[in-house]
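In what follows, a single structure is set out as structure tokens and then discussed.
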Amino acid sequence: MYLVRPLMSGIPRNTPIIIGVWSSMFLVFWTFQAGGVIPNPLVVAQSFLSLFAGAKIIPDLVASLTLNVEATLISTGISLLISYLFVLPAFRPVSLLISKLRYLGLSGLTFLLGLIVSGHELKLGLLVFGMSTFFVTSMVSVISDISTDSWRHARSLRMSPWRATLEVVVFGTFDSALEILRQNSAVGWIMLTTVEILSQSEGGIGVVLRNANRGFRMDDIFAVQILILLIGLGQDALLGFLKRALCPYSTR
Amino acid sequence: MFSYSLAEPLVQMKDVQLTLGGRLILENITATIRDIRRPGMQQGQVVAFLGPSGVGKSQTFWILAGLSQPDKGEVLVGNPPAPVQGGQVGVVTQHYTLFEHRTVLGNLRVAAKQKGIPSDAARKQALELLRKFGLADRAGAWPKELSGGQRQRVAIAQQLLCSDIFLLMDEPFSGLDPVMKTRVCELINEIASMDEMRTLIVVTHDVRAALSIADHVWLIGRDRGPQGEVLSGAKIKEEIDLKERGIAWRENRESLPQYEETVREIEKRFLTL
């Protein structure tokens, strides 16, 4: 009964066993459904291992990770600046506008950006744009939610409006910024494979996936997808660790 | 009865009026807190603004703190009197707001630094205050790790390090059990006796707790219309001098008959505020 009763708080007991049971069920389901276009798990596992044979995948992985880190750093810097400017009435519309630009489609944006830049810059520009719009949206929401009490508390300690902004907005939301960065890096990682196809000369995990798609090599497609998922999970775990290490005070 | 005299005004609210969204909230609030002198001892001031919920006490609180501006009137503090500035009056809200990203010691040090105290001295003073408040072992704790009572004491300590002589407390007894209420009352009395000029202003709806600590009380309320409807615009409805009634500064004042009489009188008055 415990397993199917709503859990009001805390982490469920025996979580590893629950995960193990679900994984086993998934593998069994996959094995029995395999055939036709869906490859067998064992074949996918062999394909996954062969990705690393002769370290052929390494340059592509390095290219993808480098692009992702570069885009993450640039978009985080730009987004934080735009978000912090939200506290200034003159810049508030700008922050809100950037947030609304997330509804621009990637195809239209690719065309527009393609008129100005190409190659690496185009990929980087698209990633930075995509990540920044979502980052600004979340960060502006966090800043809007800062209570009047928090502002008044800072002012009651003789802080000037600028000093209060530094303490309440910049330092006070640092843990939220890291959490948003964590969510946003997932957005970036999802966009990465699509963006990499726009300029294939640099390689990348997206190009590997595209090549497997072209050859209709289903086992390779599955293997690359698993690799993308594992790297994404690793990235998420790393940022989660970073947040816990840097913000032990966080309640979020 | 204790012998005392009233000296110069420390805080003056003069005809304070506030309108929010076209609705009159405060109407001509006038009150003066004077320095109390008692022969042979250091006596700070503890006063209370009492009123039912929703009457405009919080607005009065922020105006007294210099962090909200009235439409008319002014708040003067100090000697010589000057318009109150944000930061001059320490503020402890009922949520005991602290910087969550700083440790207890960090919260206190930043407050001391804001007052211009050098780093080493700030640390020393902060640790001394923590020791005085029984929080020496919590210096390295994060605010989220504190109990409600500990959090309140840290919030008070932070404001004591930064403000001059004035400390404003909004509903300091809110949500506290009777034991904690007694402890907070003791703490307030202890803080008041730290400095002759120290002035604690408590804004609350808790009649008993307010009478247990204050030497002077103002009742805030609104007038009633012909049909008994509440009219907008809270004002000072009554001023009660607890020194004159022989309640202030007495040991175990809660057991005095005049304490009970005053509680009943104010509670009855609350029905029409």
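Condition first: in contact (Cβ under 8 Å) with a residue 24 or more places away in the chain, over 30 Å from B:Gln59 (Cβ atoms) and more than 9 Å from chain A (Cβ to nearest Cβ). Now tell me which residues in the stretch B:87-121 satisfy that.
B:Val104, B:Leu105, B:Ile117
Please work out which one of (1) open to solvent by less than 70 Å² (accessible area, probe 1.4 Å); (2) touching a residue at least 40 places away in the same chain (Cβ under 8 Å) is the condition A:Met159 fails and give its number.
So A:Met159 meets the others, but not (2).
Criterion first (modelled with pLDDT under 90, in contact with a Phe, Trp or Tyr (Cβ under 7 Å, 6 or more places away or on another chain) and either closer than 19 Å to A:Ile74 by Cβ or assigned to a helix (DSSP H, G or I) (or both)) does A:Val187 satisfy it? Break it down stepwise before answering.
Working: modelled with pLDDT under 90: yes; in contact with a Phe, Trp or Tyr (Cβ under 7 Å, 6 or more places away or on another chain): yes; either closer than 19 Å to A:Ile74 by Cβ or assigned to a helix (DSSP H, G or I) (or both): yes.
The answer is yes for A:Val187.
Taking the condition on the phi > 0 side of the Ramachandran plot, within 14 Å of another protein chain (Cβ to nearest Cβ), crowded, with 16+ Cβ neighbours inside 10 Å and not in a helix (DSSP H, G or I), does B:Gly66 pass? Before you say what the answer is, go through the steps one by one.
Numbers: on the phi > 0 side of the Ramachandran plot: yes; within 14 Å of another protein chain (Cβ to nearest Cβ): yes; crowded, with 16+ Cβ neighbours inside 10 Å: yes; not in a helix (DSSP H, G or I): yes.
So B:Gly66 fits the description; yes.
Going through A:Leu227, A:Leu209, A:Leu242 one at a time, which residue ends up being open to solvent by 70 Å² or more (accessible area, probe 1.4 Å), more than 14 Å from chain B (Cβ to nearest Cβ) and part of a helix (DSSP H, G or I)? Steps first, answer last, please.
On the way: A:Leu227 fails: open to solvent by 70 Å² or more (accessible area, probe 1.4 Å); A:Leu209 fails: open to solvent by 70 Å² or more (accessible area, probe 1.4 Å).
That would be A:Leu242, the only listed residue that is open to solvent by 70 Å² or more (accessible area, probe 1.4 Å), more than 14 Å from chain B (Cβ to nearest Cβ) and part of a helix (DSSP H, G or I).
Could you go through the stretch B:35-48 and let me know if any residue there is modelled with pLDDT of 90 or more and more than 28 Å from B:Arg245 (Cα to Cα).
No.
Go through (1) within 14 Å of chain B (Cβ to nearest Cβ); (2) part of a helix (DSSP H, G or I); (3) open to solvent by 50 Å² or more (accessible area, probe 1.4 Å) one by one and return the number of the condition A:Asp175 breaks.
So A:Asp175 meets the others, but not (3).
Could you check, for the stretch A:66-85, whether at least one of its residues is aliphatic (A, V, I, L, M), in contact (Cβ under 8 Å) with a residue 60 or more places away in the chain and either farther than 30 Å from A:Val168 by Cα or loosely packed, with under 13 Cβ neighbours inside 10 Å (or both)?
Kept after step one, since they are aliphatic (A, V, I, L, M), are these residues of the stretch A:66-85: A:67, A:69, A:71, A:73-74, A:78, A:80-82, A:85.
So of that shortlist, the ones also in contact (Cβ under 8 Å) with a residue 60 or more places away in the chain come out as A:67, A:71, A:80.
Narrowing further to those that are either farther than 30 Å from A:Val168 by Cα or loosely packed, with under 13 Cβ neighbours inside 10 Å (or both): A:67.
Yes, the stretch A:66-85 has at least one match.
Only one of these conditions is not met by B:Thr97: (1) open to solvent by less than 10 Å² (accessible area, probe 1.4 Å); (2) not in a strand (DSSP E or B). Which number is it?
(1)
Only one of these conditions is not met by B:Ile33: (1) surrounded by 19 or more Cβ atoms within 10 Å (Cβ to Cβ); (2) assigned by TED's automatic domain parsing to the domain that holds B:Arg224; (3) closer than 30 Å to A:Ser176 by Cα. Which number is it?
Only one criterion is unmet by B:Ile33, namely (3).
Could you look through the stretch B:71-86, keep only residues that are more than 7 Å from chain A (Cβ to nearest Cβ), part of a loop (DSSP other than H, G, I, E, B) and more than 17 Å from B:Glu8 (Cβ to Cβ), and pick out the one that is most open to solvent (accessible area, probe 1.4 Å)?
By that ranking, first place goes to B:Gln85.
Restricting attention to the stretch A:1-44, which residues are closer than 30 Å to A:Asp219 by Cα and modelled with pLDDT under 85?
Initially, the stretch A:1-44 is screened for residues closer than 30 Å to A:Asp219 by Cα, giving A:16-44.
Within the stretch A:1-44, A:Ala34, A:Gly35, A:Gly36, A:Val37 qualify.
Given the options A:Leu112, A:Leu126, A:Leu101, name the one that is of a type outside the set (Asp, Glu) and surrounded by 20 or more Cβ atoms within 10 Å (Cβ to Cβ). Break it down stepwise before answering.
On the way: A:Leu112 fails: surrounded by 20 or more Cβ atoms within 10 Å (Cβ to Cβ); A:Leu101 fails: surrounded by 20 or more Cβ atoms within 10 Å (Cβ to Cβ).
The match here is A:Leu126.
Just to check your reading of the model, which residue among B:Leu18, B:Leu108 is touching a strand residue (DSSP E or B) at 6+ places or on another chain (Cβ under 7 Å) and crowded, with 23+ Cβ neighbours inside 10 Å?
Values: B:Leu108 fails: touching a strand residue (DSSP E or B) at 6+ places or on another chain (Cβ under 7 Å).
Criteria check complete, one pass: B:Leu18.
Name the residue that is farthest from the other protein chains (Cβ to nearest Cβ), counting only residues in the stretch B:147-161 that are of a type outside the set (A, V, I, L, M, F, W, C) and in contact (Cβ under 8 Å) with a residue 40 or more places away in the chain. Walk me through how you get there before you give the answer.
Pass one, the stretch B:147-161, residues of a type outside the set (A, V, I, L, M, F, W, C): B:147-153, B:158-159.
Filter once more, so that each one left must be in contact (Cβ under 8 Å) with a residue 40 or more places away in the chain: B:148, B:151-152, B:158-159.
Values: B:Gly148: 15, B:Arg151: 13, B:Gln152: 14, B:Gln158: 7, B:Gln159: 7 Å.
Going through the qualifying residues, I end up with B:Gly148.
At pLDDT below 90, surrounded by fewer than 22 Cβ atoms within 10 Å (Cβ to Cβ) and either in contact with a Pro (Cβ under 9 Å, 6 or more places away or on another chain) or farther than 15 Å from B:Gln43 by Cα (or both), is that true of B:Asp195?
Numbers: at pLDDT below 90: yes; surrounded by fewer than 22 Cβ atoms within 10 Å (Cβ to Cβ): yes; either in contact with a Pro (Cβ under 9 Å, 6 or more places away or on another chain) or farther than 15 Å from B:Gln43 by Cα (or both): no.
Here the answer is no, as B:Asp195 does not meet what is asked.
Would you be able to say whether some residue in the stretch B:118-129 is part of a loop (DSSP other than H, G, I, E, B), outside the structural domain of B:Thr32 (by TED's automatic domain parsing) and surrounded by fewer than 21 Cβ atoms within 10 Å (Cβ to Cβ)? Break it down into steps so the answer makes sense when it comes.
Start the filter on the stretch B:118-129 by keeping residues that are part of a loop (DSSP other than H, G, I, E, B), which leaves B:118.
Narrowing the set further to residues that are outside the structural domain of B:Thr32 (by TED's automatic domain parsing) leaves B:118.
If we keep only those that are surrounded by fewer than 21 Cβ atoms within 10 Å (Cβ to Cβ) as well, we get B:118.
Yes, the stretch B:118-129 contains a residue that is part of a loop (DSSP other than H, G, I, E, B), outside the structural domain of B:Thr32 (by TED's automatic domain parsing) and surrounded by fewer than 21 Cβ atoms within 10 Å (Cβ to Cβ).
Given (1) of a type outside the set (D, E, K, R); (2) open to solvent by less than 60 Å² (accessible area, probe 1.4 Å); (3) more than 13 Å from the chain's Cα centre (by Cα), identify the lone condition not met by B:Gln227.
(2)
The values are calculated or read from the model by the stated rules, or taken from the named source; none is laboratory data. Since we're looking at a predicted model, the values are computed, not measured. Glycine also receives a Cβ, built like all others from the backbone with ideal geometry; neighbour counts cover every protein chain displayed. Heads up: the accessible areas ignore ligands, DNA and RNA and are worked out on the full protein's heavy atoms, side chains in. Shrake-Rupley method; radii C 1.70, N 1.55, O 1.52, S 1.80 Å.
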